[in-house]
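The values are calculated or read from the model by the stated rules, or taken from the named source; none is laboratory data. Fair warning: this is a prediction, and the values are worked out from it, not measured in the lab. All Cβ positions, even for glycine, are placed from backbone atoms using ideal geometry, and neighbour counts span all protein chains on display.
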Amino acid sequence: MTPALALALAGLSLIDSTSFGTLLIPIWLLLTPGRLRLGRIVAYLATVAVFYFCVGVLLTLGADAVLTVVRAAVATIPPPALKAGQLALGVAIIALSYWLEARARRQEGSPGKVQRWRARAMSGGGSARSLMSLALLAALLEVATMLPYLAAVGVIANADLGWQLTGAALAGYCLVMTLPALVLAVARLTAHRAVEPLLQRTNDWLTRNLARVLGWTVGGLGIAVALNAVASLLLES
């Protein structure tokens, strides 16, 4: 694995570390009044990391077959038509970003399943099963928008690292993805009074801007795809 590849994967994993499931819910758990139960935070993050790792392994297993089929199909399409299709895909992704942001804004403040499971997991009588269920639900809700992770899996698959390095790269990605929440948990445990205001401000900002960040992330991908297609069409014309 080259340093450039490792740096790219680290950057993508740090972007993933700021998502709803990997940062916002852990901050909610850390803001629970009273003594911090570090084991619960670790169990939650471990569940999310294992889920992501398993999804990455499944995607990597099918990547070669999918890429072979896609390359064969693309070879039969004229380049202008292919770029036009890419442009349409980019526009569709941009439209999807607006829909995702609007849906997230409509659901703000509603006591959905995530909120109910979070309350159960944070309560004194909450079980490890409730916490792991919350982690799995958060990860499942993010599957459709885990764009940095999908990009990382694509980079790893194209690098042809071999199975041992591929597994290590996926595991390292998932570990780095959970590091910010782990660091905040340790800080909350060792310096409660100093860290709690920072956690509250971070929670307030993420709660206010999560829908916007989601829209920007998906929309940015769509803009990149569309601009690449437009540039290619202009150069070929």
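When the range 158-193 is examined, which residues are found to be surrounded by fewer than 13 Cβ atoms within 10 Å (Cβ to Cβ) and of a type in the set (A, V, I, L, M, F, W, C)? Let's see the steps before the verdict.
Here is the first cut: in the range 158-193, the ones surrounded by fewer than 13 Cβ atoms within 10 Å (Cβ to Cβ) are 158, 160, 162-164, 183, 190-191, 193.
Within the range 158-193, TRP163, VAL183, ALA191 meet the criteria.
Looking at (1) modelled with pLDDT under 85; (2) of a type in the set (Val, Ile, Thr); (3) within 22 Å of the chain's Cα centre (by Cα), which one does VAL195 not meet, given that it meets all the others?
With respect to (1) modelled with pLDDT under 85; (2) of a type in the set (Val, Ile, Thr); (3) within 22 Å of the chain's Cα centre (by Cα), VAL195 is out only on (3).
Tell me which of these LEU36 doesn't satisfy, since it passes every other one: (1) in contact (Cβ under 8 Å) with a residue 12 or more places away in the chain; (2) in a helix (DSSP H, G or I); (3) of a type outside the set (Ser, Thr, Tyr); (4) more than 14 Å from TYR173 (Cβ to Cβ).
(2) is the only condition that LEU36 fails.
Spot the failing condition for LEU12; the list is (1) in a helix (DSSP H, G or I); (2) surrounded by fewer than 14 Cβ atoms within 10 Å (Cβ to Cβ), and only one is missed.
LEU12 satisfies all of (1) in a helix (DSSP H, G or I); (2) surrounded by fewer than 14 Cβ atoms within 10 Å (Cβ to Cβ) except (2).
If ARG208 meets every condition in (1) at pLDDT below 80; (2) buried (at least 16 other Cβ atoms within 10 Å of the Cβ) apart from one, which number is that one?
Only one criterion is unmet by ARG208, namely (2).
Please go through the range 43-57 and pick out each residue that is buried (at least 24 other Cβ atoms within 10 Å of the Cβ) and farther than 17 Å from LEU14 by Cα.
Step one: filter the range 43-57 for residues buried (at least 24 other Cβ atoms within 10 Å of the Cβ), giving 44-45, 48, 52, 56.
Residue satisfying the conditions is TYR44 alone.
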